[in-house]
Amino acid sequence: MNIKRPIGRLRLIAILEGISYLLFAITMPLKYVWEITEPNMIVGMAHGWLFLIYIVLAIESIVAYKWKFKQIALTFIASILPFGTFSLTTNCSSRLKRS
């Protein structure tokens, strides 16, 4: 993964953002079943920052690679769907190989 290129940075943050989203599956039961709120606060804050970084890097990639509307829409939809960012990384991998 080449993080010197915009698409490489987007791919890395997409993976981290997806992992942070999945961590809510652990922290939500801790918060609502056992009333342990701290892990959810930490994961929530990390997820929020990663989401914002993902959006900035998506815009950077859109501008750098002149993506068409379909790719732009898929990139932003992937950011709100569970496992969406993981499917985006597969798409980014194929784009990296082609360029």
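The values are calculated or read from the model by the stated rules, or taken from the named source; none is laboratory data. Predicted model, so just to flag it, every value in this text is computed and none were measured. Cβ atoms come from the backbone with ideal geometry, glycine included; neighbour counts cover every protein chain shown.
Annotations for the structure displayed:
Every residue, every condition in (1) in contact (Cβ under 8 Å) with a residue 12 or more places away in the chain; (2) surrounded by 17 or more Cβ atoms within 10 Å (Cβ to Cβ); (3) more than 25 Å from N2 (Cα to Cα), yes or no:
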{"residue": "G18", "(1), (2), (3)": "yes, yes, no"}
{"residue": "V33", "(1), (2), (3)": "no, no, yes"}
{"residue": "I36", "(1), (2), (3)": "no, no, yes"}
{"residue": "L57", "(1), (2), (3)": "yes, yes, no"}
{"residue": "F76", "(1), (2), (3)": "yes, no, no"}
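- Conditions (1) over 21 Å from K4 (Cα atoms); (2) surrounded by 12 or more Cβ atoms within 10 Å (Cβ to Cβ); (3) without any contact (Cβ under 8 Å) to a residue 60 or more places away in the chain; number of the one not met by W67: (1)
- Any hit, segment 32-40, residues being closer than 19 Å to F83 by Cβ and either at pLDDT 95 or above or touching a Leu at 6+ places or on another chain (Cβ under 9 Å) (or both): no
- Of A46, A25, A14, all but one fail to be of a type in the set (G, A, S) and touching a residue at least 60 places away in the same chain (Cβ under 8 Å); the exception is A14.
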